[in-house]
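The values are calculated or read from the model by the stated rules, or taken from the named source; none is laboratory data. A quick note: this is a predicted structure, and the numbers were derived from the prediction, not measured. Don't worry about glycine lacking a Cβ; one is built from the backbone with ideal geometry, like all the others, and counts go over all protein chains shown. These area figures cover heavy atoms from the full protein model, side chains too; ligands, DNA and RNA do not enter into them. Shrake-Rupley method; radii C 1.70, N 1.55, O 1.52, S 1.80 Å.
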Amino acid sequence: MSSPVLVSDTHHDVHTDHGHHEHHKQSFITKYIFSTDHKMVAKQFMLSALFFLLIGGALALLLRWQLAYPGEAVPLIGQFLPELIASDGVIQPGLFIQLTTMHASVMIFFVIIPLAVGLFGNLCIPLMIGTDDMALPFINLLSFWLYFLAGIVAAAGFFVQGGAGASGWTGYPPLSAIGGLGQTLWIVAVFLVGFSSILGGMNYVTTVLNKRAPGMKMFDMPLSVWAIFITSVLMVLGTPVLASAVSMLFFDNVLHTSFFMPDNLTVASPYANGMKHSGGGQPILFQHLFWFYSHPAVYIMILPLMGVVSDVLSTFSRKPIYGYKAMIFAIMAIAFLGFIVWGHHMFQSGMNPLLGTTFMLSTIVIAVPSAIKVFNWLGTIWRGSIRYTTANMMALGFIATFIIGGLSGVFMASAPVDIYIHDTYFIVAHIHYVLFGGSLFGIYAGIYYWFPKLFGKMLNEIWGRRHFFWTFIFFNLTFFPMHILGVGGHMRRIHDPNVYDFLKPFQPWNEFITIMAIILGFSQLILFGNIIYTWIWGPKAPKNPWNANTLEWHAPSPPPHGNFLAPVRVYRSPYEFSHPDRADDFHPQWLAPGEVEIEETTTVSETQNTH
Amino acid sequence: MSGLVLDHEPVSGIPHGKLAMWVFLASEIMFFTGFFASFIVLRNANIDLFTNSAQALNKWLALLNTIVLIGSSLTMALSVLAIEKGNKRNFQLYMTITILCAFTFLIVKYFEYTSKFSHHIYPWTDLFYSYYFLTTGFHGMHVIGGIIPMVWMLMRSFTKKGYHNHVRVEVLGLYWHFVDLVWIFLFPVLYLMFPTSYVPPIH
Ligand code: HEM
Ligand SMILES: [Cu+2]
C-alpha cells in the first residue's frame, strides 16, 4: 500500500496551522454546529442522545407513576400537564399510551442507537484505525443533522392536536394507520432517523474498508471497530426495509391507502371520519417488515457495546482477549442469524405452526454465538489482574445483566411459552435487561473509558463508581420483579391494572417497582453532574491514562484536527497485554518491533508516547 | 484543513465515493425489496383486483419510458467514458442527452398520472393503484435525485475551470444504472403482469 502524505510533521506545525486558519475558517458555526470533524460529530451525538435520555426517562417515570398509583394526580408536575391529556394532573388513557410509545421510541431510536453507533462509530473508527477522519465527512454531518431533525419531529408530536404517536414503538397498523397528526409525525421521524442510520452505516463501512492505517489488517482491528463495522452492515441492509414499511404506513395514514388495512374494518376513531380506505391489505404484513428490521435493530443496539465491553475488559484485566477471532465470528454469526429470526415477535399474531417452529429454532440457535461471547469475556477476565475502574465495573455489570436478559430471551423463544407470556411484563423485563442492563451499561462503560480521549479530561472515578452501584442495584430492583408480574399475566401497555381483578394482588409490586424506578432515574443525574463538573473543573487527561494498546491512545487527548501528530503505522495486534517474555505489561499497536524490551528493566512506553 | 491529513490511497483500492455508493445501492435494493415483497403478498391475496386494475395502465407509454431510460443509461455510460478520456465535448453532449432523457421520463410519467387523476383514479382508489403510485412515486423521486447532480456537473463543465472529477461522474453513473434497473423491474411488475390466458373466476 502507498505511504501516507505528510502535511504537517511536527507538533509545532500543527499549532501554526491552527492559528492560521482561525482567522477565516473555523467560525463558531463550522466548528461547533456544522462540523465535519468526526470527534465533533461524536460529541454532538453524545450530548443530544444524553439529552433525549433525560426526556425518555422522564416519560418513563410518568407512566410508572400511573401504574403504581392509578388515578392519582402526578405530584409536582401534574398540574402543568395539558388539560386535554391529564385532567387535574391525572394521567388519562390517551396520554398513557403516548407515554409508552414515546418512551420506547425515544430510547430506541434517539438514545441507544445514536449512542451505540453514532457516538462510538464516530469516536472509535477513525481513531482506532489510525486515520484523520471519516471517509465521507460531509455525509457524517448530514447523518447527525437528519437524526437531530427527526428528534424534533418526533417530539413535536406532543404539541399537536391529539398528542404524540400512540401505537407503541412498534407502530402496528391498523391503529397507526388511522392515527392523527402526532402519529404521522412519528412515522416521518422514524423514516428520517432511519435515513440517518443508513448514511452513517455506509460511511462506517467505507471508512473501515478504505482508511485503515498502513500495517493494519482487518484482523488487527480492535473488537469495537469490528463490532461497529458488522453493525453497520446490519444497518445498511435492515433499515431500508423499515423505511419501505413506514413509507407504506405513511401512505395509509395520510393518503388513506390500504396496504395494511384489512377488509371491512370499522373504526371508532376521531380520525377515521370520512375514512376512504378501500381495504384488502394485511396488518400482519407490516409486522413482518417491521421485525425484519427491528430484530436486527436489537443487535444494532447491542453489538457495538459488545465490542466496547471487550476492549474495556481486556484493558482492565491486563490480558489479551480470549478468542479474538472467535469473538469476531460470533458477532458475524449473531448478525447473520439476526436476519432470520424476526418471526419470534409474531408467534401470537398467527402463523403457520411449521414456520413458527422454524423461527423458534433459529432464535434458540442465536444463544450459541451469544454464549461464546459471554464465555470469552469470562475467559478474558479469568485470572487477570482486574482494575476496578468505573468503565470496567460497567462492563462487568453489562455481562451480568446480559446473561439474565439472554436467558429470558431463550425462554421466550420457545413458541408455546411465548404465546402465554407475549405482551406481558416478562417481555418488558427482557427488553430492559438487554437494553438498559446491556446496551446502556455498555454505553456507560464506553463513555467512562473514552471520555478522557474525547474531551481531554478525566471523569471523577469516585462518583463514577457511585453511579455504577446506584444504577446497578436499582436497575435490578426495578426490572427483576417485572419477570414475576409477567409470569403472573400482567399485560404491558395497560393504563390501569386495577380494573382487572387478577392483577390486584400485584399492586404492591407495581408500587415497589415505581419507587425503585424513581431512584434509578435520579441516580442517572450523577453521570450528568460528573460530566458537567469534569468538563469545567476536571483534571487534564494524559495521553494514555489506562495504559491501553489501541491506536486512539497514541493521539493527544483531546486529539487535534487530523487526530495524530504523525502518520501511524501498525505493528501488532490490539491486545498484547502481559506478554510473558516482555518487560512491559502492555505493547501498543504503534510500537515498532525494535522498540520492545525483551525481558526485564526500563520503560518503553513513556518514551514512546512522547514521540 | 489544519492538522494532519492522512490521505493515503484507499486500502481496498476502490475510491471512497464509489465504495460508499455500492454500499448505498445495497441499501436501496433492500428498500425496493420491501415494496416488491409486499407486492407479492398483497397481489396473491387480491389476484383479481390486481389483474383487472393493471389492464387500465398504458403499457405503450411505459414501454416508451423504458426505452428512454435504457437509452439514458447508455449515454450515461458514454459520458463516463468521455470524462475519463478527458473529452469535454463528448462529456457535455452525452450528459445533456442523459438529462433530456430523464426529463422525458418524468414528463411521460406526469401525463400518465394526470390521465389517471382525470379518470378519478387516486392512490386510495384500490390496492393496485396504491402500489402503482407508491412505487412509481419513489422511483420518480430517485430520477429527480439523479437529475440534480447531473445538471450541476454539466453546468460546472461549462465554467472556465471545467469539471474533471471523473470518479464522481462514475459514481453518479452507478446510481443512474440502479434507477434504470428499478424501472426495469417495475415495468413488467406493474404493467405486464397479467397472464393472457387468465380468466377471472365467476362468482
Ligand atoms: C440470546 C439472545 C436473545 C433472544 C433469544 C431473544 C428473544 C426474544 C424474543 C423471543 C422476543 C419476543 C417476545 C415477545 O414479544 O413475545 C424478544 C423480544 C425483544 N427483545 Fe430479545 N432476545 C435476545 C436478545 C436481545 C437483545 C440483545 C436485545 C437488545 C439489545 C433484545 C431486545 C428485545 C426487544 C426490544 C424485544 C421486545 C420487542 C417488543 O417491544 O415487542 N433481545 N426477544
Ligand atoms: Cu427479536
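When every residue of the range B:3-11 is checked against the conditions, at least one turns out to be more than 20 Å from the chain's Cα centre (by Cα), within 14 Å of chain A (Cβ to nearest Cβ) and open to solvent by 60 Å² or more (accessible area, probe 1.4 Å). Within the range A:400-411, restricting attention to residues that are surrounded by fewer than 21 Cβ atoms within 10 Å (Cβ to Cβ) and more than 16 Å from ligand 2 (Cβ to nearest atom), the residue that is farthest from the other protein chains (Cβ to nearest Cβ) is A:Ala400. Are any of the residues in the range A:279-301 more than 14 Å from every other protein chain (Cβ to nearest Cβ), more than 13 Å from ligand 2 (Cβ to nearest atom) and not β-branched (Val, Ile, Thr)? No: the range A:279-301 contains no residue that is more than 14 Å from every other protein chain (Cβ to nearest Cβ), more than 13 Å from ligand 2 (Cβ to nearest atom) and not β-branched (Val, Ile, Thr).
When you scan the range A:473-481, do you find a residue that is assigned to a strand (DSSP E or B) and open to solvent by 40 Å² or more (accessible area, probe 1.4 Å), even just one? Checked the range A:473-481: no residue is assigned to a strand (DSSP E or B) and open to solvent by 40 Å² or more (accessible area, probe 1.4 Å). In the range B:62-83, the residues that are farther than 30 Å from B:Gly162 by Cβ and without any contact (Cβ under 8 Å) to a residue 60 or more places away in the chain form Cβ pairs under 7 Å with partners that are open to solvent by less than 40 Å² (accessible area, probe 1.4 Å) and of a type in the set (A, V, I, L, M, F, W, C), at six or more places apart or across chains, as follows: B:Leu64/B:Val108. When the criteria are applied in full, B:Leu181 meets the requirement of being open to solvent by 80 Å² or more (accessible area, probe 1.4 Å) and modelled with pLDDT of 95 or more. Note on the range A:454-484: residues that are more than 30 Å from A:Leu551 (Cα to Cα) and either of a type in the set (Val, Ile, Thr) or at pLDDT below 95 (or both) amount to 4.
Residues in the range B:22-57 that are facing chain A (nearest Cβ under 7 Å) and not in a helix (DSSP H, G or I): B:Asn46 only.
Restricting the range A:385-398 to residues that are closer than 25 Å to A:Ile473 by Cβ and open to solvent by 10 Å² or more (accessible area, probe 1.4 Å) leaves a set whose member that is nearest to ligand 2 (Cβ to nearest atom) is A:Leu396.
Candidates A:Ala548, A:Ala555, A:Ala517, A:Ala541: the one that is within 14 Å of another protein chain (Cβ to nearest Cβ) and among the small types (Gly, Ala, Ser) is A:Ala555.
Report yes if A:Phe339 is within 14 Å of chain B (Cβ to nearest Cβ), under 23 Å from the mean Cα position of the chain (by Cα) and within 15 Å of ligand 2 (Cβ to nearest atom), otherwise no.
Yes: the conditions hold for A:Phe339.
Just the residues that are within 14 Å of A:Ile284 (Cα to Cα) and near ligand 1 (Cβ under 10 Å from one of its atoms), please, taken from the range A:350-366. Across the range A:350-366, there are no qualifying residues.
Please count how many residues of the range A:89-128 are of a type in the set (S, T, N, Q) and touching a strand residue (DSSP E or B) at 6+ places or on another chain (Cβ under 9 Å).
Of the residues in that region, 1 qualify.
Those residues that are open to solvent by less than 10 Å² (accessible area, probe 1.4 Å), away from ligand 1 (no atom under 15 Å from the Cβ) and part of a helix (DSSP H, G or I), I need them from the range A:311-341; list them, please. Within the range A:311-341, A:Asp311, A:Val312, A:Leu313, A:Ser314, A:Thr315, A:Phe316, A:Ser317, A:Met327, A:Ile328 qualify. Residues that are within 16 Å of ligand 1 (Cβ to nearest atom) and small (Gly, Ala, Ser) within the range A:422-481 comprise A:Ala429, A:Gly437, A:Gly438, A:Ser439, A:Gly442, A:Ala445, A:Gly446, listed in sequence order. What residue, among those in the range B:59-69 that are surrounded by fewer than 16 Cβ atoms within 10 Å (Cβ to Cβ) and modelled with pLDDT of 90 or more, is farthest from B:Asp180 (Cα to Cα)? The qualifying residue farthest from B:Asp180 (Cα to Cα) is B:Trp60. With respect to A:Ser197, determine if the residue is part of a helix (DSSP H, G or I), open to solvent by 10 Å² or more (accessible area, probe 1.4 Å) and of a type in the set (Ser, Thr, Tyr). Yes. The single condition among (1) touching a Pro at 6+ places or on another chain (Cβ under 9 Å); (2) away from ligand 2 (no atom under 16 Å from the Cβ); (3) at pLDDT below 95 that A:Ser349 does not satisfy is (2). Considering (1) open to solvent by 20 Å² or more (accessible area, probe 1.4 Å); (2) assigned to a helix (DSSP H, G or I), the lone condition that B:Glu112 does not fulfil carries the number (1).
Take the conditions farther than 23 Å from A:Met248 by Cα, out of contact with any helix residue (DSSP H, G or I) (no Cβ under 6 Å at 6 or more places or on another chain) and facing chain A (nearest Cβ under 8 Å) and apply them to B:Ile70. Does it pass?
no
Among what's in the range A:412-458 and is over 22 Å from the mean Cα position of the chain (by Cα) and polar (S, T, N, Q), pick the residue that is surrounded by the fewest Cβ atoms within 10 Å (Cβ to Cβ). Taking the candidates together, the pick is A:Ser414. Looking across the range A:210-228, the residues that are in contact with a helix residue (DSSP H, G or I) (Cβ under 6 Å, 6 or more places away or on another chain) and under 19 Å from A:Asp133 (Cβ atoms) come down to A:Asn210, A:Pro222, A:Ser224, A:Val225, A:Ile228. With respect to A:Gly356, is the statement that it is away from chain B (no Cβ under 14 Å), open to solvent by less than 40 Å² (accessible area, probe 1.4 Å) and away from ligand 2 (no atom under 16 Å from the Cβ) true? Judged against the criteria, A:Gly356 is not a match. Taking first residues from the range A:201-229 that are free of Cβ contacts under 8 Å to residues at least 60 places away in the same chain and partners that are of a type in the set (Ser, Thr, Tyr), the Cβ contacts under 6 Å between residues at least 6 apart in sequence or on separate chains come to A:Val205/A:Ser232; A:Leu209/B:Ser12. Within the range A:327-350, residues that are under 13 Å from A:Ala413 (Cβ atoms) have Cβ atoms under 9 Å from residues that are within 8 Å of ligand 1 (Cβ to nearest atom) and not in a helix (DSSP H, G or I) in these pairs: A:His345/A:Thr170; A:His345/A:His422; A:Phe347/A:His422, counting only partners at least 6 apart in sequence or on another chain. Put simply, of A:Met306, A:Met261, A:Met235 the only residue that is more than 14 Å from chain B (Cβ to nearest Cβ) and closer than 29 Å to A:His344 by Cβ is A:Met306.
Restricting attention to the range A:546-589, the residues being touching a residue at least 60 places away in the same chain (Cβ under 8 Å), part of a loop (DSSP other than H, G, I, E, B) and under 15 Å from A:Ser314 (Cα atoms) number 12.
So which residues in the range B:115-154 are open to solvent by 30 Å² or more (accessible area, probe 1.4 Å), within 13 Å of chain A (Cβ to nearest Cβ), touching a helix residue (DSSP H, G or I) at 6+ places or on another chain (Cβ under 9 Å) and of a type outside the set (A, V, I, L, M, F, W, C), if there are any at all? Matches in the range B:115-154: B:Tyr122, B:Thr125, B:Gly145.
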